[in-house]
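*Asks:* For reference, the structure I am asking about is given below.
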Amino acid sequence: MESFTLTRKEMACLLLSLDGRHRHKPIEVLQHAWMKNHRYDMEKGTALPAFLSTTLPPVIEKLIKGNEIKGFSLQEIAALGQLIEYSQLSITSMQNWVKRDFKEFFDSPKVGKKYSLNQAALLFIIDDLKSNLDFVSIRKLFDIILGKPNIDSDDLISPMKLYSTYTAMFEELDANNDQLLDTVGHDHGNRNHDLLAENVIRSSAEKFAAQITDVTEKQKEEIRNILFIAVISIQTSYFHTLARRYFNATLFL
């Protein structure tokens, strides 16, 4: 059986769609994601057997049925997180985050007994940032952009907006979808190009941060830096996953 897979940008689009802030319905986001990965099957008329061989977690089945969802249980967020490519999100990790490491942001679910879409996005953000930063550092970033944990109105940028912004930024920087950030301008006469990738990512972060309104210039710089860190963290997640695959192969074969 094949697993249903989403890019981070597709996951961000799904959350925005559930919140009524995306041009596509949730099922359309899922359809586009699946079809993109099964173009050959669509062209050859083998879409049905291909889809029937795809494993769907219960939360995705709910979305396919068109159920209105404004919040998720922790188990459902973990199931969604496991669909994200090159992510190792687990229910055990998230339980530690909400009960201990980031408790102030998850003191209580915000949609009845379930966690809000913003809280789900925040868990996905933590999973990305931990590729490069320790939890103390991540909390310091959250203090800057999210302010007081229980007050949404003081956020420089909401978790969903932050997640959708840096995931869109990553896909723009990886236009050929090889999971490596694209850089141009290499001068074969120079031995070192250390700053080339940094400048490309920073320029993109500045462009995306400039789209954020109702913030000061200093706050835009803070958002720019967090976008920079998050995009690098996605890249790191890919390398971590690749290293684990080869490590497991070395032990198993």
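*Asks:* Per-residue HN-Hα couplings for the range 120-132, Karplus 6.51 cos²θ - 1.76 cosθ + 1.60 at θ = phi - 60°, whole Hz, x for Gly and Pro?
*Replies:* Those phi angles translate into 4, 4, 5, 5, 5, 5, 4, 4, 6, 5, 5, 5, 10 Hz.
*Asks:* Evaluate the charge dipole of the range 90-180 about its Cα centre and quote only its size in Debye, nearest 20, assuming +1 on the Cβ of each Lys and Arg and -1 on the Cβ of each Asp and Glu.
*Replies:* Details: 11 positive and 14 negative charges, 125 e Å.
My answer is approximately 600 debye.
*Asks:* Then there is this: Based on the alpha carbons, how large is the Rg to Rh ratio for the chain when Rh follows Kirkwood?
*Replies:* Details: Rg = 19.0 Å, Rh = 19.5 Å.
A ratio of 0.97.
*Asks:* For ASN67 and MET1, FRET efficiency with R0 = 25 Å and r from the beta-carbon atoms, rounded to 0.05?
*Replies:* Given R0 = 25 Å and the Cβ-Cβ separation, E is 0.60.
*Asks:* Now for a separate question. Report in % the part of the accessible area of the range 68-182 that belongs to carbon and sulfur, leaving out ligands and nucleic acids; probe 1.4 Å. Mind dumping the intermediate values first?
*Replies:* Details: 2440 of 5090 Å².
That share works out to 48 percent.
*Asks:* Follow-up. Relative to the Cα centre, what is the charge dipole magnitude of the range 9-118, using +1 at the beta carbon of each Lys and Arg, -1 at the beta carbon of each Asp and Glu, and rounding to the nearest 20 debye? Write out the running numbers ahead of the final one.
*Replies:* Values: 16 positive and 12 negative charges, 48 e Å.
Dipole of the range 9-118, to the nearest 20 debye: 240 debye.
*Asks:* Using only Cα positions of the range 87-219, each an equal point scatterer, no hydration layer, compute I(q)/I(0) via Debye at q = 0.16, 0.19, 0.21 Å⁻¹ and quote the log10 values to two decimals.
*Replies:* The Cα Debye sum returns log10 ratios of -0.94, -1.21, -1.37.
*Asks:* Return the distance in nm (one decimal) between the two label points of a simple spin-label model at SER153 and ASN37, each offset 7 Å from Cα along Cα→Cβ.
*Replies:* Taking the simple label geometry, SER153 and ASN37 are separated by 4.2 nm.
*Asks:* Taking the radius of gyration and the Kirkwood hydrodynamic radius from Cα positions alone, what is the Rg/Rh ratio for the range 152-253, to two decimal places?
*Replies:* On the way: Rg = 16.7 Å, Rh = 15.5 Å.
Using only Cα positions, Rg/Rh for the range 152-253 is 1.08.
*Asks:* With springs only between Cα atoms under 10 Å, which of MET35, MET160, MET94 fluctuates most in a Gaussian network model of the chain?
*Replies:* MET35
*Asks:* Provide the gained length on full extension for the span PHE135 to PHE51, in nm with one decimal, where the gain is 0.36 nm per separating residue minus the Cα-Cα distance. Could you put the intermediate results ahead of the total?
*Replies:* Details: separation 84, 0.36 × 84 = 30.24 nm, distance 3.88 nm.
Residue separation times 0.36 nm, minus the Cα-Cα distance, leaves 26.4 nm.
*Asks:* Under the rule of at least 5 residues apart or a separate chain, name every residue whose amide H is placed under 5 Å from the amide H of VAL111.
*Replies:* SER116
*Asks:* Apply the a/c threshold of 1.5 to the C-alpha gyration tensor of the range 65-143 and tell me whether it is rounded, prolate or oblate. If you can, show how the numbers build up before the last one.
*Replies:* Details: a/c = 2.04, a/b = 1.35, b/c = 1.52.
Judged from the Cα gyration tensor, the range 65-143 comes out oblate (a/c at least 1.5, b/c at or above a/b).
*Asks:* Something else: Tabulate in residue order the Karplus-calculated ³J(HN,Hα) for the range 213-229, using 6.51 cos²θ - 1.76 cosθ + 1.60 with θ = phi - 60°, rounded to whole Hz; enter x for Gly and Pro.
*Replies:* Once rounded to whole Hz, the list reads 9, 6, 9, 7, 4, 5, 5, 5, 5, 5, 5, 4, 5, 5, 4, 4, 4.
*Asks:* Still on this model: Exactly which trypsin sites (Lys or Arg not before Pro) in the range 161-253 are in a DSSP loop and have at most 11 other Cβ atoms within 10 Å?
*Replies:* On the way: sites: LYS161, ARG191, ARG202, LYS207, LYS218, LYS220, ARG224, ARG244, ARG245; in loops: ARG191.
Passing sites in the range 161-253 are ARG191.
*Asks:* Sticking with this structure for a sec: Solvent-accessible area per residue for the range 89-150 at a 1.4 Å probe radius, Å²? Each step should come with its number before you reach the end.
*Replies:* Values: 2900 Å² over 62 residues.
Averaged over the residues of the range 89-150, the accessible area is 47 Å².
The values are calculated or read from the model by the stated rules, or taken from the named source; none is laboratory data. All values derive from a computational prediction rather than experimental measurement. Heads up, the Cβs are rebuilt from the backbone with ideal geometry, glycines too, and the neighbour counts pull from every protein chain shown. Side chains included, ligands, DNA and RNA excluded: accessible areas come from the protein's heavy atoms. Shrake-Rupley method; radii C 1.70, N 1.55, O 1.52, S 1.80 Å.
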